[in-house]
Structure formats: structure tokens, C-alpha cells
Amino acid sequence: MKKVVVLSGAGISAESGLKTFRGSDGLWENHNVYDVATPEAWAKNPALVQKFYNQRRQQCRAAQPNAGHFALVDLEKDFDVHIITQNIDDLHERAGSTNILHLHGEITKARSSTNETLVYDLKDGDIQMGDTCAEGSQLRPHIVWFGELVPNISIAQKIIRNADFLIIVGTSLNVYPAAGLVHFAPNYCNTILVDPNDCPTTNLKQLSIIKEIAGTGLSKAAKLIRSIA
Ligand code: APR
């Protein structure tokens, strides 16, 4: 089976009602990202950070996967599909995709603020100040904040190194190291970019651009891959 690697970003969840990061106002849900998504923000005002992510979690639970997520599930019938997502939502999982690597963490989980190996599923709950891990430290969102290392980046590089096809969908390719992953694709890899807006495309190999939203664009990408494979 040929290998299809998908690098997804916030745009794939836009049609599910979740906002992208770099909208026209430059704010994420009315906040400057540095006030809510950095270790400095956590040190300065952890209650604000918890409240912000509790709201994001509730929004995510209320959202449903869309046609774009389902088009990627359907590709698994014919291809070895690996999804590398920058998204913290669980819409790829709930759509039914089976190989998913989260680069920037998962909103559905909490982790210890002092021991990053202690990670907990949140089920229906939120995280409150005073909620602690097994070692007694405060729980924080299981999110990779700006300025923190991306622990899954080397696994992602390995996944992409022998991709036959690379689909890039719904990401402005602005944030590193995630954006740099595209350069790990081998020379024989066909790349398909799905985005309704212009994205940086320098050095992308054998590139086809589908300038559409994920819902319609990903089924066209799947058709294109099936016609080449
Ligand atoms: N379908 C596909 N793409 C879309 C859609 C849609 N319906 N709507 C918007 N887009 C595109 C935008 O044109 C843009 O290129 O999705 C992209 C979203 O870009 P960003 O908001 O920058 O999101 P992303 O690239 O995922 O951000 C990367 O930055 O803030 C951090 O950690 C956060 O994971 C995030 C990272």
C-alpha cells in the first residue's frame, strides 16, 4: 500500500466551527496568543490560562468532524494514511482516522505541570486550579505552548521521510518546527496543498494546489491521489 501523509492545521476544523489562529484580527478567540499560550502566561496568570483552555475544550466537545475529516478516513481504504496534526482538537479521532500524531498536544488531556510523563484523559471534565497529578503538582492543559519543545517532531520527521503522497491542509505553514516538516518528504513524493488562501509554497516538491476549503478540497485531493497511484 502506498503511504499518504497528511499535515493538517486549524483550517481543517474551521468548517466544524473552530476558529483558526491567524484570522484577520490577529487574535485567537479574542486573546493575544502570548497571553494564554506560553509558559510565561502560565507563570503569570494560570487561572486565566486554565479558563481559556476550558472554554476551548467545551467548544471542541460541541464541534463535530466535517467532510474534510471524513475524506481522510475514506482514504484509509486504499492507502496507508498517517495524519500529523497541529490541531489540539480530537476531530480526526472522532471522524475515525486511525494513525494520528498530535504535534501541539491534545485539549482532551491534562498533564502534570512538573512531570510531563504524567498525562490524564479528561473525559467530560475541565481542569481547575487545585486539581493535581499523582505527585501532587497542579494539572495544566496537555498543550505545547509557544517557546516549548515539540516532543513528537522527530517521530513526525520519520513518518514523512518515506511518504509517497503528502497532503498539506488548513495550515498557514507559519509555525516551526511543524512547517519545516514538509522538507523531509522524499523527492519522489507528490505534494497536494488544500487551502482556500495563498500559502508559502517555495521548495515544495511536485506540487498540486487545490485552492478550496477542506470539505470539498480533500475529496478532490483523494481523487487526484487515486488517479496517480
Ligand atoms: N479549509 C482549509 N483551510 C482553511 C479553511 C478551510 N475551511 N479556512 C481557513 N483555512 C486556512 C487558512 O487559509 C490558513 O492558511 O487554514 C490556515 C490556518 O492557518 P493558522 O490559523 O495559522 O493555523 P495553523 O497553521 O494550524 O497554526 C499553526 O500555530 O498558534 C499555533 O499551535 C498553534 O497549531 C497552531 C499553529
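Before moving on, here are some points about what is shown:
- ARG111, sole failed condition from (1) surrounded by 17 or more Cβ atoms within 10 Å (Cβ to Cβ); (2) in contact (Cβ under 8 Å) with a residue 40 or more places away in the chain; (3) assigned to a strand (DSSP E or B): (2)
- Boolean, ALA67 is of a type in the set (A, V, I, L, M), within 21 Å of ILE168 (Cβ to Cβ), open to solvent by less than 30 Å² (accessible area, probe 1.4 Å) and within 15 Å of the ligand (Cβ to nearest atom): no
- For the stretch 180-229, the candidate set comprises residues that are without any contact (Cβ under 8 Å) to a residue 12 or more places away in the chain and either farther than 21 Å from GLY68 by Cα or small (Gly, Ala, Ser) (or both); within that set, the residue that is most open to solvent (accessible area, probe 1.4 Å) is THR202.
- Lone qualifier among THR85, THR114 - being in the same structural domain as SER227 (by TED's automatic domain parsing) and among the hydroxyl-bearing types (Ser, Thr, Tyr): THR85
- Residues of the stretch 119-161 that are over 22 Å from CYS60 (Cα atoms), open to solvent by less than 80 Å² (accessible area, probe 1.4 Å) and over 18 Å from the mean Cα position of the chain (by Cα): GLY130, THR132, CYS133, GLY136, SER137, GLN138.
- Meets criteria (of a type in the set (Val, Ile, Thr), within 25 Å of SER16 (Cα to Cα) and within 16 Å of the ligand (Cβ to nearest atom)) for ILE127: no
- Residue match in the stretch 1-11 (condition: touching a Phe, Trp or Tyr at 6+ places or on another chain (Cβ under 6 Å) and charged (D, E, K, R)): yes
- The stretch 27-50: number of residues that are under 21 Å from the mean Cα position of the chain (by Cα) and either open to solvent by 40 Å² or more (accessible area, probe 1.4 Å) or of a type in the set (Ser, Thr, Tyr) (or both): 8
The values are calculated or read from the model by the stated rules, or taken from the named source; none is laboratory data. Quick caveat: nothing in here was measured; it's all calculated off a predicted structure. Ideal geometry is used to build each Cβ from the backbone, glycine not excepted, and the neighbour counts take in all protein chains shown. All accessible areas refer to the heavy atoms of the entire protein, side chains included, with ligands and DNA or RNA removed. Shrake-Rupley method; radii C 1.70, N 1.55, O 1.52, S 1.80 Å.
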